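Asker: Handing you a structure now.
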Amino acid sequence: MEEEDKVEDWDGSDNDQQDTVPPLHTACTYKIIIVGDSNVGKTCLAWRFCSGQFLHKTAATIGVDFQEKSMELEGEIIKLQVWDTAGQERFRKSMVQHYYRNVQAVIFCYDVTKLASFDALAIWLEEFDRYSTTNNIPRILVGNKCDCKSKKVVSSNMARKFADAHNMPLWETSAKDDKEQDTIRAIFLTLAHKLKYQRPLMPAKKDRYGNSKSGLDTISVQLEESENGKKHRCSSCTGGGNKQS
């Protein structure tokens with residue numbers, strides 16, 4: 001009878017011996033900035049990656065905006081902070097020196113339908129090289145608004161030559177096109193891989209004495225508590241598709 005009671009009491013489960021999988025923890029947080037002229041789609045690019053949606057109504061960015069997205073990369077959770085800047089010069093001048101100091105990756109964005117935005121990339125590159133203080137920062141060139149095929153004025157060949165000259169991979173995509181969701185995700189995954197494994201894309205920068213510069217400065221800003229996929233705004237900083245080969 002005792003054996004029968006034991007059989008009846010057992011419900012077939014073995015909860016005490018079940019394996020439990022520990023939750024993944026966030027290993028690293030990386031700051032990625034998107035720079036380029038006004039109206040090239042920087043905010044929409046960040047929004048598409050972080051939320052998976054197209055932002056139909058946007059206002060000009062004043063200062064900087066950022067969004068966050070957590071993603072799993074080879075068994076670890078990493079968080080990407082995606083910042084986009086005001087393209088207007090009057091906003092950039094007040095913060096540019098502080099803004100670039102702790103960046104860990106950069107996307108240079110232009111509008112394939114506006115030649116002026118492509119021509120301005122040289123200015124953005126010069127500004128970035130002047131103010132960034134970190135060595136070997138991964139950078140990518142993105143041509144946005146490829147859904148406007150009939151209006152395209154910046155050819156893929158032209159953009160590829162520019163990217164090659166500045167040691168950057170080129171991606172052409174559209175933040176508006178839902179079919180480009182995977183392409184945009186791939187852009188940020190490419191940067192995430194390079195950041196995780198510290199694969200250099202740029203030669204080390206040197207100071208006037210010929211010494212290599214290194215290290216990250218810290219940004220100090222007052223921000224509300226962040227949530228995954230939530231948009232944030234900071235008006236001032238006060239601290240120190242298709243891949244083209």
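Read-outs: derived from the displayed coordinates by stated rules, not from any lab. From a predicted model like this one, the values you see are computed outputs, not experimental measurements. All Cβ positions, even for glycine, are placed from backbone atoms using ideal geometry, and neighbour counts span all protein chains on display.
Asker: Sort 34-42, 175-183 for me by packing, meaning the mean count of neighbouring Cβ atoms within 10 Å per residue, highest on top.
Answerer: 34-42, 175-183
Asker: Relative to the present Cα-Cα distance, how much length would full extension add between Glu76 and Ile123 at 0.36 nm per residue of separation?
Answerer: Contour length minus Cα-Cα distance gives 13.3 nm.
Asker: If you build the convex hull over the alpha carbons only and average its shadow over all orientations, what do you get for segment 106-162? Give it in nm² to one decimal.
Answerer: 4.0
Asker: A further question follows. What ranking, highest mean first, results for peptides 79-85, 105-111 when packing means the other Cβ atoms within 10 Å averaged over each residue?
Answerer: Descending mean neighbour count gives 105-111, 79-85.
Asker: Ok, one more. Pop out the ³J(HN,Hα) list for segment 183-193 in order, Karplus 6.51 cos²θ - 1.76 cosθ + 1.60 with θ = phi - 60°, rounded to Hz; leave Gly and Pro as x.
Answerer: Here the 3J(HN,Hα) series is 5, 5, 4, 5, 4, 6, 5, 4, 5, 4, 4 Hz.
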